[in-house]
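Peer 1: Got a structure for you, questions after.
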Amino acid sequence: MEIAILMGMKRVIGVLKNAIILMAGVMAGLFLLFQFVSSTSNADAAANLSAGFLSSAENPSQDIQEIDIPVMEQSLALESKNVTLENPLPESAQDVLTGEQQQRLQDASKDYIALTAADGIRMARSLNIVKDDGDPTNVCGPLSIAILRDAGLLDPYIKIRDFWLLNPDNNRKLLDQTFPTGHYEHFLFSSPLNEMDWGTFPLTPGDFIYIYAGPGGTFEHMLVVTRVDNAGRAFSVTNHATPDGFVIDEVLLYDPAQPETGKFFEWTERRNSKLGSTGFGGFELWRLAVPFREKSPREIAFARELDAVMEEHGGDWYVAVKDLSGGMLYERQAAVPVDVGSMIKLPVAMLFFKSLELEEIPPASYADYISEEGPDRSYEQLLRAMFNKSDMVAAQTLLDEIRISGLDVDEELTKWGLRKTNLDSGKLSIQDMVAVYEGLYSGGLVDGFAREYILSLMEESASNNNTRLGILQKTNPSSLEFYNRRGSTVDTIIAIGDGALVSVPVVDGEDTYIVVMSGYFSEDNPTTDQELIKAIEEMAQIFWSFTRK
């Protein structure tokens, strides 16, 4: 009884605390708005641009270094762009790519060369951006992504058509998914291309660049740096205008020894404006920051087997398979947020136990608390309904209770490393789902009681599920440890998914894997819910065979 009264008082205090914080935020916002209106001018905005970079004052959480690169005072075209500079100039511009990877990049780029306007049209149509059509005047985005993909430097399943006519202001999420923080450095320069000191900031193979037209520019452009020679000259295979029409060819971007040569100079030289001008507004650049891990021959064969199953059964797939002792074995569109159905309930359960920590309920009292307390049902009943009956009302009730406790859900998810998760919409990336499973299994995200309790619920709900990934329990040894959370929907779209922690017995113990698979109906690859289930079951057996070799 005393615990109940105490918890009730803490709940009221939590609500009042949230209300006070909200009021304080509103008052602070009004004060800042008044200060901004009364003091901000274009001159102030110009002062915030230093050495071609966005000022660190606009993003105090980033450690922004400034370097002496010329920038035109009137080049303020990027002021309004909703972009944050991340990880500015590295200590060295040494290439992250190996020699073999750089050679693959060059070879992949050469496959797209089309030296006449007619060949350019054929090549553009081969990219299959627009059904039965294509034009070399506007394929720069898909072309650049295709080159990186074919070189093995991007997700081989990436949809290159998503980069057709891409605008960073409107497609920031896509860029973040493709070039995630931690794996890539992100730069934003306001300096015109022809005023850059490429000796100070040299480009490197694999750099993906978005060029802003700026004042007087007639087009914006995307390209990938496909090679840099021993003299420091940077090249790209890209589409560009000629007097005879658009072609796709390798072009010199700049020569640090001869500043008035190369496309960057030509595109910002007024006398060449008949063929188009760009680069007066600066550019954005994404650069690989960590070595790109090559797959082993065994992993490549594993991927081919999985791909063949998905190709046979149709659908649009989002998949990840991770060995907790050896890293990611397979990924397919794993960075893209998707509707994962009931799989979203796993992070909800974990957040619920984090909220108990915030309410200072001792772990020794968790069992009594969840069995005795709750808004309309006990918390234990809500958790069991959520896991065993896929009760979405129970999930929403728990999420509401978590927020009433005062736990900042978004902040906690960010602490967990989940950057593409929205519990209200039911969407998260497969990468985030893998991180949830891993954090639960390792005990790094929740305390010991919560870990064991949630795993027991997953094991209980999986005990009668011998379909999808659960087929592993039906066809394989009883010593297999299997913790499962599946999801599906056929109301608005056909979507079938499943995720599991699988511990496989080996000679010296066990190997633990995380497997998450979600398949969706696609007009490009039509399918049915039954075909998606068959695909998951076939891939489960391929996975099992992989673990036994």
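The values are calculated or read from the model by the stated rules, or taken from the named source; none is laboratory data. This one's a predicted model, so the numbers in the text were calculated from it and none came from an experiment. Cβ atoms come from the backbone with ideal geometry, glycine included; neighbour counts cover every protein chain shown.
Peer 1: Here are some residues: Arg468, Arg486. Which one is assigned by TED's automatic domain parsing to the domain that holds Gln431, charged (D, E, K, R), crowded, with 21+ Cβ neighbours inside 10 Å and modelled with pLDDT of 85 or more? Steps first, answer last, please.
Peer 2: Details: Arg486 fails: modelled with pLDDT of 85 or more.
Step by step, each of Arg468, Arg486 is checked, and only Arg468 is assigned by TED's automatic domain parsing to the domain that holds Gln431, charged (D, E, K, R), crowded, with 21+ Cβ neighbours inside 10 Å and modelled with pLDDT of 85 or more.
Peer 1: Also, I was wondering about something else. Would you confirm whether or not segment 238-251 contains a residue that is under 29 Å from Thr181 (Cα atoms), at pLDDT 95 or above, of a type outside the set (Gly, Ala, Ser) and under 26 Å from the mean Cα position of the chain (by Cα)?
Peer 2: Yes, segment 238-251 contains a residue that is under 29 Å from Thr181 (Cα atoms), at pLDDT 95 or above, of a type outside the set (Gly, Ala, Ser) and under 26 Å from the mean Cα position of the chain (by Cα).
Peer 1: Collect the residues in segment 248-280 that are in a loop (DSSP other than H, G, I, E, B) and touching a strand residue (DSSP E or B) at 6+ places or on another chain (Cβ under 8 Å), keeping them in residue-number order. Spell out the reasoning first.
Peer 2: The initial filter retains those residues of segment 248-280 that are in a loop (DSSP other than H, G, I, E, B), namely 255-262, 268-269, 276-280.
Across segment 248-280, the qualifying residues are Thr261, Gly262, Gly276, Thr278, Gly279.
Peer 1: Report whether or not Arg451 is assigned by TED's automatic domain parsing to the domain that holds Ala349 and at pLDDT 90 or above. Break it down stepwise before answering.
Peer 2: On the way: assigned by TED's automatic domain parsing to the domain that holds Ala349: yes; at pLDDT 90 or above: yes.
Yes, satisfied.
Peer 1: So which of Gly199, Gly217 is part of a loop (DSSP other than H, G, I, E, B), out of contact with any Leu (no Cβ under 9 Å at 6 or more places or on another chain) and surrounded by 21 or more Cβ atoms within 10 Å (Cβ to Cβ)? Let's see the steps before the verdict.
Peer 2: Details: Gly199 fails: surrounded by 21 or more Cβ atoms within 10 Å (Cβ to Cβ).
The unique qualifying residue is Gly217.
Peer 1: Find the residue count for segment 508-528, including only residues that are assigned to a strand (DSSP E or B) and within 23 Å of the chain's Cα centre (by Cα). Let's see the steps before the verdict.
Peer 2: Residues of segment 508-528 that are assigned to a strand (DSSP E or B), as a first pass: 509-520.
Right, trim to within 23 Å of the chain's Cα centre (by Cα) and you get 513-520.
Of the residues in segment 508-528, 8 are assigned to a strand (DSSP E or B) and within 23 Å of the chain's Cα centre (by Cα).
Peer 1: In this structure, is Leu413 touching a residue at least 24 places away in the same chain (Cβ under 8 Å), more than 18 Å from Asp498 (Cα to Cα) and part of a helix (DSSP H, G or I)?
Peer 2: Working: touching a residue at least 24 places away in the same chain (Cβ under 8 Å): yes; more than 18 Å from Asp498 (Cα to Cα): yes; part of a helix (DSSP H, G or I): yes.
Judged against the criteria, Leu413 is a match.
Peer 1: Now for a different question. If we scan segment 525-543, do we find a residue that is of a type in the set (Phe, Trp, Tyr), in the same structural domain as Val434 (by TED's automatic domain parsing) and farther than 23 Å from Lys427 by Cα?
Peer 2: Quick first cut of segment 525-543, residues of a type in the set (Phe, Trp, Tyr) only: 543.
Filter once more, keeping what is in the same structural domain as Val434 (by TED's automatic domain parsing): 543.
Narrowing further to those that are farther than 23 Å from Lys427 by Cα: 543.
The answer is yes, given that some residue of segment 525-543 is of a type in the set (Phe, Trp, Tyr), in the same structural domain as Val434 (by TED's automatic domain parsing) and farther than 23 Å from Lys427 by Cα.
Peer 1: So how many residues does segment 284-304 have that are out of contact with any Pro (no Cβ under 9 Å at 6 or more places or on another chain) and surrounded by 15 or more Cβ atoms within 10 Å (Cβ to Cβ)? Step through it out loud before you land on a result.
Peer 2: If we filter segment 284-304 for residues that are out of contact with any Pro (no Cβ under 9 Å at 6 or more places or on another chain), which is where we start, we get 285-286, 288, 290-302, 304.
With surrounded by 15 or more Cβ atoms within 10 Å (Cβ to Cβ) added as a condition, the list becomes 285-286, 288, 292, 299, 302.
Counting residues in segment 284-304 that are out of contact with any Pro (no Cβ under 9 Å at 6 or more places or on another chain) and surrounded by 15 or more Cβ atoms within 10 Å (Cβ to Cβ) gives 6.
Peer 1: Being farther than 21 Å from Lys322 by Cα, surrounded by 15 or more Cβ atoms within 10 Å (Cβ to Cβ) and hydroxyl-bearing (Ser, Thr, Tyr) is the filter here; which residues of segment 491-543 pass it?
Peer 2: Scanning segment 491-543 gives Tyr520, Thr527, Thr528.
Peer 1: If a residue must be assigned to a helix (DSSP H, G or I) and out of contact with any helix residue (DSSP H, G or I) (no Cβ under 6 Å at 6 or more places or on another chain), how many such residues does segment 104-136 contain?
Peer 2: First pass over segment 104-136, keeping only residues assigned to a helix (DSSP H, G or I): 104-110, 117-126.
In the following step, the residues that additionally are out of contact with any helix residue (DSSP H, G or I) (no Cβ under 6 Å at 6 or more places or on another chain) were identified as 104-107, 110, 117-126.
Residues in segment 104-136 being assigned to a helix (DSSP H, G or I) and out of contact with any helix residue (DSSP H, G or I) (no Cβ under 6 Å at 6 or more places or on another chain): 15 in total.
Peer 1: A follow-up question, please. Out of (1) out of contact with any helix residue (DSSP H, G or I) (no Cβ under 7 Å at 6 or more places or on another chain); (2) surrounded by 19 or more Cβ atoms within 10 Å (Cβ to Cβ); (3) within 20 Å of Leu143 (Cβ to Cβ), the odd one out for Leu275 is which?
Peer 2: (2)
Peer 1: Which condition number in (1) surrounded by 20 or more Cβ atoms within 10 Å (Cβ to Cβ); (2) touching a helix residue (DSSP H, G or I) at 6+ places or on another chain (Cβ under 8 Å) is the one that Leu165 fails?
Peer 2: (1)
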